[in-house]
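Quick notes on the structure that follows.
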Amino acid sequence: MIATKGYAANAATTPLAPFSYEHREPGENDVLIDIQFCGICHSDIHQARNEWGNALYPMVPGHEIVGTVSRVGSKVKKFKVGDLAAIGCMVDSCRECASCKAGEEQYCDRAETLWTYNARDKKGNLTFGGYGNHIVCDEAFVLSIPKNLDPAAAAPLLCAGITTYSPLKHWGAGPGKKIGVVGLGGLGHMALKFSHAFGAQTVQFTTSANKVEDAKKLGADEVILTKEAGWHTKHAGTFDFILDCVSAPHDITPYMALLKRDSTLCTVGIPETPVQVHAFSVAIGRKSFAGSAIGGIEQTQEMLDFCGKHNIVSDIEMTSFDKVNEAWERVIKGDVKYRFVLDLKTL
Ligand code: NAP
Ligand code: ZN
Ligand code: ZN
């Protein structure tokens, strides 16, 4: 077994605390990764605090993982010792159903998507994520990071990156399209970078006056401060697609009115409470309210390669384990530009 140390949540209301545990001995298809960096995703907080009602403790969060391969099983083909490797939100799936075969392992038809943490594998063992110094994973779910990218700033691509890249691709963000991004946090700032890189006209919506100038630098053609009266009138009926990246409950009705006929607002944000959609807001204009979860393994590699080619990484603030609870509080307040990354050396 692989002795591992990290930080875990032991209950919904207690802070993260040091925790020792074990990962399985690497099998013939497995790689052992010595984790160097792990991003802090708002989903870590939702789950550790049981805001989604699915918490399993002890929980070692973290699904934006980058590290060095330190051991490979006898049948591993893609990786060798010393390679930089990455893991996102899932570590396995059934690999046989229609969704898995279509490269959409996150939507496994048999509900066997195995999440990187806060899940149980087939043997009943809890999975443990990136807030720890090792992880063991089948190479089929391990990604490669382009060599030109800074490994720490690339870590958030493994969740915030793919979660925004995938729906923007699915709904056709590109030249001639007008795209809205709601919320400038970890996901939102990646959505903005991707939409801009895809050549779409991109409008950022934010509640934070202190992010307006940043949003322009990150690629927004226009920034709408939603605290200002009448903010929702100017663009009515003009958007081809809106991606909602907000972590907290908020009213989506005004955003539905910004869409063109037959267009979609997709939420990737997953607040604690249900989203309310008035039937009129979708009926008038035959509009759609949709959702999307991360992206498949093949598309995650495609996204990483796209980032390598276009030099896209996350804007990060490095942090350490002694400050991890403070970092979480700052994420909740929207006080991070734009993703915290834990340095595993500080463990
Ligand atoms: P984050 O960094 O905390 O960003 C959330 C942003 O939402 C904030 O920066 C803020 O942007 C805005 N916001 C916060 N409170 C708000 C409120 N009360 N009203 C309006 N806007 C508010 O979070 P994240 O890591 O990007 O994650 C965002 C959400 O996506 C979370 O719910 C997370 O669980 C979810 N998620 C989903 C998937 C998936 O596969 N679907 C994957 C990863 C994460 P402004 O300051 O610009 O207003
Ligand atoms: Zn995440
Ligand atoms: Zn499957």
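A few remarks follow.
- For the stretch 94-130, chymotrypsin sites (Phe, Trp or Tyr not before Pro) meeting the loop criterion (DSSP other than H, G, I, E, B) and having at most 12 other Cβ atoms within 10 Å: none.
- Accessible surface ranking that places the most exposed of V277, V76 first, with a 1.4 angstrom probe: V277, V76
- Sequence-distant residues sharing a close amide H with S93 (under 5 Å, placed H): L114
- Taking the Cα centre of the chain as origin and assigning +1 to Lys and Arg Cβ atoms and -1 to Asp and Glu Cβ atoms, the resulting dipole is close to 540 debye.
- Of the accessible area of the stretch 1-137, computed with a 1.4 Å probe over protein heavy atoms only, carbon and sulfur atoms account for 50 percent.
- Centre separation in Å (Cα based) which lies between the stretch 276-294 and the stretch 178-245: 19
- When the pairs K122/K193; K5/K333; K78/K333; K216/K260; K147/K234; K101/K333 are compared against a 32 Å limit on Cα-Cα distance, K122/K193; K78/K333; K147/K234; K101/K333 fall above it.
- Net charge contributed by nearby residues that have their C-beta within less than 13 Å of S263 (K/R +1, D/E -1): +4
- The calculated Kirkwood hydrodynamic radius for the chain is 20.4 Å, given to one decimal from all distinct C-alpha pairs.
- Computed from Cα atoms alone, the Kirkwood hydrodynamic radius reported for the stretch 137-224 is 13.7 Å.
- Helical runs assigned H by DSSP (4 residues or longer) give the chain a calculated mean residue ellipticity at 222 nm of -5500 deg cm²/dmol, each run adding -39500 (n - 2.57) before division by the residue total.
- With the cut-off at under 12 Å, measuring from each backbone N in the stretch 190-213 to a point 7 Å along the Cα-to-Cβ line of K309 picks out 198.
- Take the Cα of E317, step 7 Å toward its Cβ, do the same at D34, and the gap between the two points is 3.0 nm.
- Accessible-area value, T300, 1.4 Å probe, nucleic acids and ligands omitted, Å²: 10
- Global form of the stretch 53-147, assessed from the alpha-carbon gyration tensor, a/c cut-off 1.5: oblate
- Note on the stretch 189-347: the C-alpha convex hull projects to 11.0 nm² when averaged across all orientations.
- Cut-off 11 Å, label 7 Å out along Cα→Cβ of A55, residues of the stretch 7-35 by amide N: 9-16
- Pairwise Cα separations in the stretch 16-56 fall into 10 Å bins from 0 onward with the following percentages, short to long: 20, 36, 37, 8.
- Per residue accessible area of the chain, 1.4 Å probe, in Å²: 43
The values are calculated or read from the model by the stated rules, or taken from the named source; none is laboratory data. Only a predicted model underlies this, so the values are computations on that prediction, with no experimental measurement involved. Ideal geometry is used to build each Cβ from the backbone, glycine not excepted, and the neighbour counts take in all protein chains shown. Note: areas computed on protein heavy atoms with side chains; ligands, DNA, RNA excluded. Shrake-Rupley method; radii C 1.70, N 1.55, O 1.52, S 1.80 Å.
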